[in-house]
Amino acid sequence: MNKKFEEIVSLCKRRGFVYPTSEIYGGIASSYDYGPLGVQLLKNIKDLWWKEFIEKRADMVGIDSQIILHPKTWEASGHVGGFDELVVEDIVTNKRYRVDHLIENFIEKHKGFQELVVEDLTREEMAKFIVENKLKSPDGNTFSQPKKFDLLMRTSIGVLEGGKDDVYLRGETAQGIFSNFKNILDSTRVVLPFGVGQIGKSFRNEVTLGQFVFRTFEFEQAEIEYFFDPEKSNWEELLNAWKENMKNFVVNTLGVNEENTRWRKHTDKERSHYSKETFDLDYKFPFGWKELWGVAYRTNYDLNQHIKYSGAKLQYTDPYTSEKIVPHVIEPAVGVNRMFFMVLDNAYTVEETRVVLKLSPKLAPYKIAVFPLVSNKEEITKKAKQVFELLSDKYNTYWDDRGNIGKRYKYQDEIGTPYCITIDYDTLETGEVTVRDRDTMLQKKILIKNLDSYCKEQLM
Ligand code: GAP
């Protein structure tokens, strides 16, 4: 772990953004709970996504499907039998490693492999590379033969029809959109091109551990299936428009430094079985450039597969010509937890005297903190409570009357609260409070009666 990565993980625990899951029992690898600050930050990211991509657009609707879908869904989608990673096991510790990640690390540390693109290697070539280059595990041991490792998580529920009770926790939210395609057509007035979005938990038996919330077994995805008629809309134009929307959300809505983002096109060999073209929007995470958000042209592969496996008529009938087609899709798919990690990394700032999270006010878990200067003066507490009530109606506001003001500021800086408001003896005389700006640390006197409009101006 590099220094910044370690510091962010430590701040997350210290200030209640992220806790290791089941810590009192020793924890579970790659599993994290979100604390009081983390849950609010996650919600803010999801709300912004939902507003921008669902609510603000006439061509988009949202759904919320189940985590456990009919198991045939995953046969149709190609996940059963085809959603796996090539892994090797350390023969002494039995720890598992993804072969592509081992090769990537090896190439970075050794000369002479600059031309090699791991994504282009076949599974046989990867297995050969491990043997020929005598790769060792981080514990210095040799590896077992490479084998396939299923990513889809299995579970069981009460007996389903036909005595089958094996089901899967969804590996992507997308399939709940495809399987509801007909319901959406029948119950709404959508016309092509239109999109369906969903935010929800997905599950994968990930092999690579130790990347904090970047890669976990259980995570949240925000996915869109944008349906269109390939005879009437140009897929490349749509894909480019979605690339622009994605970048705009990251840079302008979430306020992330554009220099730490880049596009990467998937090579022909790397692309998923269903995709004709895929781009990743990468972010420069503390451990290097990694995928944040993918956009794929999935053609009409999924709808056709569900037609084949279910027998349902998943066709769109043009309301003007009555022509029937199975629409194609562009799919922008992002991990909410990766966006969460990205915005923390982007905001984390170490200054001479303090650590400060320079989060955009739209993202900050708390927008304002209200402090009575002292906690033992009834009039000051009463006035401060009035200010709190005035603001908390509109903004998520933090109340703190504990300890000295310096410590209260330090706490708010570390959780990214844009403004701190202090009510003191002068307030009782003049009606003015002190407003401190998180980023500049400058303080301003503002009349209580002007506070609401001041905050609105600063925070909206
Ligand atoms: N429906 C397409 C799909 O699921 P994906 O690239 O496998 O594509 C989409 O996943 C996004 O979900 C990724 O770009 C990433 O942000 C997020 N994601 C995938 N696996 C994850 C994991 N184990 N932990 C956290 N986020 C993950």
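Read the figures in this text as sums done on the coordinates, not as results from a lab. It should be emphasised that the depicted structure is a prediction, and the values quoted were computed from it without experimental measurement. Ideal geometry is used to build each Cβ from the backbone, glycine not excepted, and the neighbour counts take in all protein chains shown.
From the square roots a ≥ b ≥ c of the eigenvalues of the alpha-carbon gyration tensor of region 366-459, which class results: rounded (a/c under 1.5), prolate (a/b over b/c), or oblate?
Rounded is the answer for region 366-459, as its axis ratio a/c remains below 1.5.
Extending each Cα 7 Å along its Cβ direction at residue 28 and residue 58, get the distance between those two points in nm, one decimal.
4.6
Taking the chain as the reference, fit the longest principal axis to its C-alpha atoms, fit the long axis of helix 123-132 to the helix C-alpha atoms, and give the angle between the two in degrees, 0 to 90, nearest 10.
That works out to roughly 80 degrees.
If one takes the longest principal axis of the Cα atoms in the chain, at what angle in degrees, from 0 to 90 and to the nearest 10, does the Cα axis of helix 301-310 lie?
It is inclined by approximately 70 degrees.
At what distance in nm do the modelled label points of residue 350 and residue 452 sit from each other, each positioned 7 Å from its Cα along Cα→Cβ?
Result: 4.4 nm between the two label points.
Using just the helices of the chain, give the 222 nm mean residue ellipticity in deg cm²/dmol: DSSP H runs with n ≥ 4 each add -39,500 (n - 2.57), and the total is spread over all residues, rounded to 500. Each step should come with its number before you reach the end.
Numbers: 14 runs with 145 residues, N = 460.
Result for the chain: -9500 deg cm²/dmol, rounded to the nearest 500.
Would you list which lysines come within 20 Å of residue 269, measuring only between C-alpha atoms, while excluding same-chain residues fewer than 8 positions from it?
Filter leaves 128, 147, 148, 290.
Fewest to most neighbouring Cβ within 10 Å: what's the order for 339, 460, 246?
The most exposed by this proxy come first: 460, 246, 339.
In percent, how large is the relative contact order of the chain, given Cα pairs closer than 8 Å and 6 or more residues apart?
It rounds to 14 percent for the chain.
Skipping prolines and chain starts, which residues have an amide H placed within reach, meaning under 5 Å, of the one on residue 292, given they are 5 or more residues away or on another chain?
Amide H neighbours of residue 292: 281, 282, 283.
Going by amide H atoms built from the backbone, whose H comes under 5 Å of the H on residue 194, apart from near neighbours?
Distant-sequence amide H within range of residue 194: 227.
Which length gain, in nm to one decimal place, applies between residue 385 and residue 183 when the Cα-Cα distance is subtracted from 0.36 nm times their residue separation?
Taking 0.36 nm per residue and subtracting the Cα distance, the gain is 67.7 nm.
Along region 223-231, what does the Karplus equation 6.51 cos²θ - 1.76 cosθ + 1.60 (θ = phi - 60°) give for ³J(HN,Hα), rounded to whole Hz, x for Gly and Pro?
10, 10, 10, 9, 8, 8, 9, x, 7
Please work out how much length the chain gains when fully extended from residue 402 to residue 122, using 0.36 nm per residue of separation minus the C-alpha to C-alpha distance, in nm with one decimal. Intermediate results must be reported in sequence, preceding the final value.
Details: separation 280, 0.36 × 280 = 100.80 nm, distance 6.03 nm.
That works out to 94.8 nm of additional length.
Using the alpha-carbon atoms, what tilt in degrees (0 to 90, nearest 10) does helix 36-50 show relative to the longest principal axis of the chain?
Relative to the chain, helix 36-50 is tipped by roughly 60 degrees.
Got the relative contact order for region 84-150 handy, in percent, Cα pairs under 8 Å and 6 or more residues apart?
Working: 74 pairs, mean separation 34.0, N = 67.
Once divided by the residue count of region 84-150, the mean separation gives 51 percent.
What list of ³J(HN,Hα) couplings, whole Hz, do you get for region 191-204 from phi and the Karplus terms 6.51, -1.76, 1.60, once you set θ to phi - 60° and write x for glycine and proline?
10, 5, x, 8, x, 10, x, 8, 10, x, 6, 10, 9, 8
Roughly speaking, what is the stretch gain from residue 430 to residue 460, that is 0.36 nm per residue apart minus the C-alpha to C-alpha distance, in nm to one decimal?
8.1 nm
Using DSSP to define loop residues, name the GluC sites (Glu not before Pro) in region 210-273 whose beta-carbon has at most 11 other beta-carbon atoms within 10 Å.
Hits after loop and neighbour filter: 231.
Taking region 275-344, which GluC sites (Glu not before Pro) meet the DSSP loop condition and have no more than 14 other C-beta atoms within 10 Å?
323
Label points 7 Å out from Cα along the Cβ direction at residue 272 and residue 231: separation in nm?
It is 2.8 nm.
By its C-alpha gyration tensor, with a ≥ b ≥ c as the square roots of the eigenvalues, how is region 84-150 shaped: rounded for a/c under 1.5, else prolate for a/b larger than b/c, else oblate?
It comes out oblate by the Cα gyration axes.
Which of the GluC sites (Glu not before Pro) found in region 348-417 are loop residues per DSSP with 16 or fewer other Cβ atoms within 10 Å of their Cβ?
351, 352
From the square roots a ≥ b ≥ c of the eigenvalues of the alpha-carbon gyration tensor of region 263-397, which class results: rounded (a/c under 1.5), prolate (a/b over b/c), or oblate?
Here region 263-397 falls in the oblate category.
Out of 368, 326, 348, whose Cα points farthest toward the positive end of the dipole of region 321-378 (charges: +1 Lys, Arg; -1 Asp, Glu; placed on Cβ)?
Towards the positive end, the residue furthest out is 368.
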